[in-house]
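Enquirer: Mind having a look at this structure? Questions to follow.
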Amino acid sequence: YPGMAAERFRRAGEDAERLGAAGDGDDGGGPDTLVWVGRIEPAKDLIALLHAFAEVRRAVPGARLRVFGAPVEGDEATAYLAHCEALTARLFPDEATGAHTEGVGPVTFEEIGGPEVPDLAEAYGAGGVIVLSSVVEGFPVSLVEAMFCGRATVSTDVGAVVEVIGGTGLVVPPRNPQALADACVALLRDPERRARLGAAARARALELFTVEQNLAAFRGIYLELISHTPVCREADTVDAHGDPLPFATPPEARLLGHWTRPGPHLRP
């Protein structure tokens, strides 16, 4: 697995762990706040997330959704963000005025790096549940970051999501706003379950996704490869004058498991 710098999220993770250990289900995040982190683009399916959140608000009227992204670049991303903001205004018409200002409406679109959210750890720490709504995903980096922060997650079943989270979060089909909403409501209404999943997620991330684990895995792979590689002595590949023998090593000697050594019969 890709190795990630767990130290960046250590404080957020330890805070969640400490609060969870208190036994009151408090993980330090907004108890009724969903957080989404990523690049604002069509593949992330924020449209489905917004429709899902409309259902969440019917079940949990005080719920909020905070969408954190990097500064939008390019015409396509700008148009998609504008579409999401317009949809938000239609879905929550009574709260549309100033709905995109922090602390006012149920849905906010915020840039990471601003005064309220200076870094990723602050973004993940702002909510009780982290949501991934993608229809296309490779290795879900944002989920691993959320796991390092000790957060429970609700994700769509795309890419390597299930492989990454194991049993530490809820998974629903993509392009299914109702299923996404139901999973979010289930966790918002059960703080103790949120805390348990968050603690399990952090433990899994520390076990599988750190830089140290990544280096150890690659070291093991290299050692395994070396153990099957034939030993090639310099004396077998040069002549009496020290000049290299271009055909001294047969091609099959380079295959794993073959221990064919250069010999006089192979020399020109």
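Enquirer: Is there a residue being among the aliphatic types (A, V, I, L, M) and in a strand (DSSP E or B) anywhere in region 174-194?
Expert: No, region 174-194 contains no residue that is among the aliphatic types (A, V, I, L, M) and in a strand (DSSP E or B).
Enquirer: Go through region 140-171 and give me each residue that's modelled with pLDDT of 95 or more and aromatic (Phe, Trp, Tyr).
Expert: none
Enquirer: Identify, please: which residue in region 1-29 is surrounded by fewer than 18 Cβ atoms within 10 Å (Cβ to Cβ) and among the small types (Gly, Ala, Ser) and is, among those, modelled with the highest pLDDT?
Expert: For region 1-29, the residue satisfying everything is GLY3.
Enquirer: For residues that are within 20 Å of CYS149 (Cβ to Cβ) and at pLDDT 95 or above, scanning just region 39-62, find the one that is farthest from the chain's Cα centre (by Cα). Please lay out each step first, then the result.
Expert: Restricting attention to region 39-62, the residues satisfying the condition of being within 20 Å of CYS149 (Cβ to Cβ) are 39, 44, 49.
Within this subset, residues satisfying the condition of being at pLDDT 95 or above are 44, 49.
Values: LYS44: 13, LEU49: 17 Å.
Result: LEU49.
Enquirer: What's the number of the only condition in (1) assigned to a helix (DSSP H, G or I); (2) within 19 Å of ALA123 (Cβ to Cβ); (3) over 25 Å from the mean Cα position of the chain (by Cα); (4) at pLDDT below 95 that ASP94 fails to meet?
Expert: The one condition ASP94 does not meet is (2).
Enquirer: So in region 102-116, with the set limited to residues that are among the β-branched types (Val, Ile, Thr) and at pLDDT 70 or above, which one is farthest from GLU73 (Cα to Cα)?
Expert: My answer is VAL107.
Enquirer: Just to be sure, is THR210 at pLDDT 60 or above, touching a Gly at 6+ places or on another chain (Cβ under 9 Å) and surrounded by 11 or more Cβ atoms within 10 Å (Cβ to Cβ)?
Expert: Against the criterion (at pLDDT 60 or above, touching a Gly at 6+ places or on another chain (Cβ under 9 Å) and surrounded by 11 or more Cβ atoms within 10 Å (Cβ to Cβ)), THR210 qualifies.
Enquirer: Give, as residue ranges, the strands (runs of 3 or more DSSP E) completely inside region 101-168 that count at least 1 residues that are closer than 23 Å to PRO2 by Cα.
Expert: Counting at least 1 such residues, we get 127-132, 152-156.
Enquirer: Can I ask one more? Pull up region 165-179, narrow it to residues that are touching a Ser or Thr at 6+ places or on another chain (Cβ under 6 Å) and not β-branched (Val, Ile, Thr), then point me to the one that is surrounded by the most Cβ atoms within 10 Å (Cβ to Cβ).
Expert: Among them, the one singled out is GLY169.
The values are calculated or read from the model by the stated rules, or taken from the named source; none is laboratory data. Just so it is clear, the structure is predicted and the values come from calculations on it, not from any experiment. Virtual Cβ from ideal backbone geometry, glycine too; neighbours counted across all protein chains shown.
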